[in-house]
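The values are calculated or read from the model by the stated rules, or taken from the named source; none is laboratory data. All of these numbers come straight from a predicted model, not from anything done at the bench. Note that we place each Cβ from the backbone using ideal geometry, even for glycine, and neighbour counts take in every protein chain shown.
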């Protein structure tokens, strides 16, 4: 179905197979539902601008727009799957604005889209994470949802379980992405084995939890606990509120849960500790921030 006649290594979807590929999406979802597995949403293609050594297919922005508009969107509706959320892009922050403009500015394509997904690997070229691009998409298209769909830190190294950089990569991204308008955040893999797999192309990576299949032991990296500062205290349905640090060494985000409790996450990625004040209106409390730490302050305003 691709012009390189290969499931791997990029290639492009042949135009004559576009409708059949859209129908495959529908049949896949219907098959899962028949087996009792609900499907909440789909992305059109993982990393559509990458020629990977694993399963991949290249979609330029116009290609993804037209496949969605002329094939996938109509087929999903015709097959009674209009309730399945379609997410576009599913690649890095670097080109997210161009992809959003190309698809969301086309009314016939945009009507099928729930939102846009993104990854954190734009630093592959030697730069930094481009959180501002996510914020611009949120500003331009406030009616569309934004979801972080994949991230994993570095190549696997069994001597690196205790690296602070593992957890801090998650904390830094989650705080900045949520503050930029992201609504949800998904890891690449929550659980991998002692080699950072299994993986059919040798792409071994870190995960929050590693299972040593030889001993049966579970190894919890600090990224597991960093994620917990968000998932444990920021509950489904929470609304983000303004939380602004007054010290450049700190990163922070805040949410109010549906029960009225407020959760403020504060991360200190530096080797230096210090005091800070959590101020809400006329109330203030002084808190200590340890070096290389993350903490969540939970309270209910009176």
When restricted to 36, 11, the only residue in a loop (DSSP other than H, G, I, E, B), touching a residue at least 12 places away in the same chain (Cβ under 8 Å) and more than 25 Å from residue 146 (Cβ to Cβ) is 11
Can you tell me how many residues within segment 131-140 are in contact with a helix residue (DSSP H, G or I) (Cβ under 9 Å, 6 or more places away or on another chain) and surrounded by fewer than 21 Cβ atoms within 10 Å (Cβ to Cβ)? 6
Which condition breaks for residue 188 when tested against (1) surrounded by fewer than 19 Cβ atoms within 10 Å (Cβ to Cβ); (2) closer than 22 Å to residue 93 by Cβ; (3) touching a residue at least 60 places away in the same chain (Cβ under 8 Å); (4) out of contact with any helix residue (DSSP H, G or I) (no Cβ under 8 Å at 6 or more places or on another chain)? (3)
Taking segment 95-127, which residues are closer than 17 Å to residue 169 by Cβ and crowded, with 20+ Cβ neighbours inside 10 Å? 118, 119, 120
I need the full set of residues from segment 258-275 which are without any contact (Cβ under 8 Å) to a residue 60 or more places away in the chain and more than 16 Å from residue 242 (Cβ to Cβ), in order please. 258, 259, 260, 261, 268, 270, 271, 272, 273, 274, 275
Please pick out the residue among 60, 30 that is surrounded by fewer than 18 Cβ atoms within 10 Å (Cβ to Cβ) and within 24 Å of residue 106 (Cα to Cα). 60
Failed item in (1) over 21 Å from the mean Cα position of the chain (by Cα); (2) surrounded by fewer than 16 Cβ atoms within 10 Å (Cβ to Cβ); (3) at negative phi, with residue 81 passing the rest: (2)
Which condition from (1) at pLDDT 95 or above; (2) loosely packed, with under 15 Cβ neighbours inside 10 Å is the one that residue 53 breaks? (1)
Residue, surrounded by the fewest Cβ atoms within 10 Å (Cβ to Cβ), within segment 152-165, restricted to residues that are touching a residue at least 24 places away in the same chain (Cβ under 8 Å) and within 17 Å of residue 124 (Cα to Cα): 155
Which condition from (1) under 16 Å from the mean Cα position of the chain (by Cα); (2) at pLDDT below 95; (3) at positive phi is the one that residue 153 breaks? (3)
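Can you pull out the residues in segment 14-33 that are over 17 Å from residue 84 (Cα atoms) and without any contact (Cβ under 8 Å) to a residue 40 or more places away in the chain?
Step one: list which residues in segment 14-33 are over 17 Å from residue 84 (Cα atoms), which gives 14-20.
If the condition is that a residue be over 17 Å from residue 84 (Cα atoms) and without any contact (Cβ under 8 Å) to a residue 40 or more places away in the chain, then 14, 15, 16, 17, 20 are the ones that fit.
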All positions within segment 208-221 that are touching a helix residue (DSSP H, G or I) at 6+ places or on another chain (Cβ under 8 Å) and part of a loop (DSSP other than H, G, I, E, B): 208, 221
